[in-house]
Amino acid sequence: MDVRIIAATNRNLEEEVASGGFRMDLFYRLNVFPISVPPLRERKEDILLLADHFLKKFSEDEGKNIEGFSPDVINKMENYHWPGNIRELENLIRRTVLLTATNIVNEFYHQPETIKLTSSTDKIKTITENERDHIMAALKSSNWKVYGPGGAAELLNINVSTLNSRMKKLGINKEKLTERN
């Protein structure tokens, strides 16, 4: 049997693992071929395509003949930041179909955001950032001695080849770091 599992989430799993909200072993099992889909606000070219699709669908459902959007409404949709992503757009178009009596949408039926999210200035580090910081701390503590007694590999309790591989992957190089400073 050839089985492939596709898992999707709207959360940053690296941040979830770092905060203890998601199991690290499960993350590495699932993180074989990650596909990142940017939010709607970063895909302006998709807004009108999706809006037209939803308009056609909901117009049919309501038995209306709404053909499109006015240039002003298109401009407002493309310049809105869409914190609710595609679901917010879908709900806006559903509301628009219900409230529109003409064959062209002339009103942007956006409701002001009722949920105010608290923004934290403390950014949670990704797993990669945490790993890099951890390795850097071990290297500094061992005075950049990678292997042998008192070396970073011993401090981290990992094989020297594993440490070298991770350092290469993370771009940790004593010469490059001292050049920057």
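Read-outs: derived from the displayed coordinates by stated rules, not from any lab. Owing to the predicted nature of the structure, the values given are computational and were not obtained by experimental measurement. So basically every Cβ, Gly included, is an ideal-geometry build from the backbone, and we count neighbours across all protein chains shown.
Pop the C-beta distance of Lys168 and Leu50 into the FRET formula with R0 = 35 Å and round what comes out to the nearest 0.05. Walk me through the numbers on the way to the answer.
Details: r = 42 Å, r/R0 = 1.20.
So the FRET efficiency works out to roughly 0.25.
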Residue order, fewest to most beta carbons within 10 Å, for Glu62, Glu90 | Glu62, Glu90
Where nothing but the Cβ of Lys and Arg (+1) and of Asp and Glu (-1) is charged, how large is the charge dipole of the chain around its Cα centre, in debye to the nearest 20?
-> 840 debye
Virtual spin-label span in nm between Thr102 and Tyr147, 7 Å along Cα→Cβ = 7.6 nm
What are the residues whose amide H is under 5 Å from the amide H of Phe69, where those residues sit 5 or more places off or on another chain and H is modelled from the backbone?
-> Val105
What spacing in nm lies between the two simple spin-label points modelled at Arg23 and Arg11, each 7 Å away from Cα in the Cβ direction?
-> 1.4 nm
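Return the loop-located trypsin sites (Lys or Arg not before Pro) in the range 1-60 (DSSP other than H, G, I, E, B) with at most 10 other Cβ atoms within 10 Å of their own Cβ; answer none if there are none. Don't skip to the answer; put the middle values down first.
Details: sites: Arg4, Arg11, Arg23, Arg29, Arg41, Arg43, Lys44, Lys56, Lys57; in loops: Arg4, Arg11, Arg23, Arg43.
Passing both the DSSP loop test and the Cβ count: Arg4, Arg11.
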Just grab the label-to-label distance for Asn130 and Asp61, each label 7 Å out from Cα along the Cβ direction, in nm (one decimal).
-> 4.1 nm
List the lysines whose Cα lies under 26 Å from the Cα of Lys169, skipping any in the same chain that are fewer than 8 positions away.
-> Lys123, Lys125, Lys140, Lys145
Quick one, which of [x] 0.97; [y] 1.26; [z] 1.19 is the actual Rg/Rh (Cα atoms, Kirkwood Rh) calculated for this model?
-> [z]
Using only alpha carbon pairs under 8 Å that are at least six residues apart, calculate the relative contact order of the chain and give it in whole percent.
-> 18 percent
Got a sec? How would Tyr28, Tyr80 order by Cβ neighbour count within 10 Å, fewest to most?
-> Tyr28, Tyr80
J(HN,Hα) series, the range 29-39, from Karplus relation 6.51 cos²θ - 1.76 cosθ + 1.60, nearest Hz, glycine and proline x = 6, 7, 8, 7, 9, x, 10, 9, 9, x, x
